[in-house]
1. Quick one: putting +1 on the C-beta of Lys and Arg, -1 on the C-beta of Asp and Glu, what dipole do you get for segment 5-68 around its Cα centre, in Debye to the nearest 20?
2. Counting other Cβ atoms within 10 Å, which trypsin sites (Lys or Arg not before Pro) in segment 22-78 have at most 16 and lie in a DSSP loop?
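Read-outs: derived from the displayed coordinates by stated rules, not from any lab. Keep in mind the model is a prediction, meaning the values are calculated, not measured. Using ideal geometry, Cβ is built from the backbone for each residue, glycine included, and neighbour counts are taken over all protein chains shown.
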Amino acid sequence: MAKLSVYETVMVQFNRAADLMGLDPEIRKILSMTTNEIEVNFPVVMDSGCVKMFTGYRVQHNNVLGPYKGGLRFHPAVNIDEVRALDDVEDSHRRHPLRWGQGRYPDGAVGVQPG
């Protein structure tokens, strides 16, 4: 069996929870899909003078409970799948009636090795 991606793992957990609580299928559909996914490519002039291209991602799930929020993650191996998963986990924390503290997951990421 192939290893599940980070996003697939989050969706398995989401569907398990939705099954346990008897979540309406239409609400499940709304909550399981992203509203916006943005991919940007941008050049950066490095200290050496060469120009290097970087890719950044931003995922937004749902703004029913308030404006979109979140920071950026900088990591060389980042991909859209990982950003979807982190945003879904953050959004699920916002939907829950109990607050689990002030920890935040980024809703965006840039594929770069921070120096």
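1. That gives a dipole near 60 debye.
2. Answer in residue order: Lys69.
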